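What follows is one structure encoded as structure tokens, with my remarks underneath.
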Amino acid sequence: MKAAWYERQGAPSEVLVVGETTTSEPEPGEVRVRVAACGVNPGDVKKRQDTFGVGMPYPRVIPHSDGAGVIDDVGDGVPGSRVGERVWCFGAQSYRPFGTAAEYVTLPSEQSVPLGDDVSFEQGACLGIPGITAHRAVHVAGPVGGRTVLVQGGAGAVGQCALGLARHAGALAIATVRSERDEDVAQRAGAHHVVRTDGISVEETVERIRAHAPDGIDHVVEVAFSSNIALDEELLGLGGSIATYATGDPSPRIPFWPLVFKNIRLFFLGSDDFPAEAKSVAASGLNEILEGGWPGFEIEARFPLESIAEAHEAVEERRALGRVVVTI
């Protein structure tokens, strides 16, 4: 099969190779998916860059955890009726060497989720990591129906999913964004209210958010923990919560006593290590909002597998404001 891989970490044009390799066979409990498209997530780029200093976990890595396509073979213990099923998949390269940047990928059956006939493979290829992270971030502190949820960075991939999921669950969904374009994206994703933070002070940001939530925020989905923790604390009501999945500063300072006096709960979320049940519930929840009319992502850039280095550069250098996919 044709695939892309790297055997050392570094710049995309220097380490990513496209060539022929052995087509894998599904093990017991696995399915094999003929991949139509795969999403490029920031995490995929960071693994290739060795951002976290982990090094090469395997001698050869086929990148990308998320994808979509059609199941063409199954291993023992998986119903044969799954062959021919349209699916989106997640976690293909989580604790495994070979991800979705290939013509075929094998992975546990439960990590390939039915994809509706009216949902494109490109949309399906973007759901995995951001969608499952968003679902956990919205729901980890408990039911959000009738509560106020603030999504920081509502135009990002996780933010868009979080807004759709929060609104679908009956929450008042408020988003922060940095530009007029991002404002449109967040509204499209499901925000009831959008607050632009570019060019205004922290005090004015607080004032604008409080205008929509005078009784305080119940729960925050946080993309920039180190930058926003003080702001979040000020906005949260008694017994509120924060679910965060990213930070600029890996050793952030926190306003400890204000958080203590408000009895704030903090949840730190790493999608690779969510409980299996949480991932399953998230997959069902994402399909539910898609079936309910959630519009999904704006696909801004498409690259063939042969141009995977350019796809990584587009994400790494933030040249694409929407999602980037590689088509197989």
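The values are calculated or read from the model by the stated rules, or taken from the named source; none is laboratory data. Treat the numbers as computed from the prediction; the structure is a model and nothing was measured. Because the Cβ atoms are built from the backbone with ideal geometry, glycine has one as well, and the counts that use them run over all protein chains shown.
Just one residue in the set Ala186, Ala173, Ala243 is in contact with a Leu (Cβ under 7 Å, 6 or more places away or on another chain), outside any loop (DSSP other than H, G, I, E, B), within 25 Å of Gly53 (Cα to Cα) and not assigned by TED's automatic domain parsing to the domain that holds Gly43; that residue is Ala243. For segment 4-48, the tally of residues that are assigned to a helix (DSSP H, G or I) and closer than 18 Å to Leu305 by Cα stands at 8. Among the residues of segment 242-268, those that are under 20 Å from Ala166 (Cβ atoms) and under 20 Å from the mean Cα position of the chain (by Cα) comprise Ile242, Ala243, Thr244, Tyr245, Ala246, Leu266, Phe267, Phe268. Counting residues in segment 196-206 that are surrounded by 18 or more Cβ atoms within 10 Å (Cβ to Cβ), on the phi < 0 side of the Ramachandran plot and of a type in the set (A, V, I, L, M, F, W, C) gives zero.
All conditions but one from (1) closer than 18 Å to Ala246 by Cβ; (2) touching a strand residue (DSSP E or B) at 6+ places or on another chain (Cβ under 6 Å) apply to His212; the one that does not is (1). Residues that are farther than 18 Å from Val315 by Cβ, at pLDDT below 95 and aromatic (Phe, Trp, Tyr) do not occur anywhere in segment 43-52.
Of the candidates Val140, Val195, the single residue that is outside the structural domain of Gly91 (by TED's automatic domain parsing) and without any contact (Cβ under 8 Å) to a residue 24 or more places away in the chain is Val195. Restricting attention to segment 275-295 and to residues that are without any contact (Cβ under 8 Å) to a residue 40 or more places away in the chain and assigned to a loop (DSSP other than H, G, I, E, B), the residue that is nearest to Gly91 (Cα to Cα) turns out to be Pro275.
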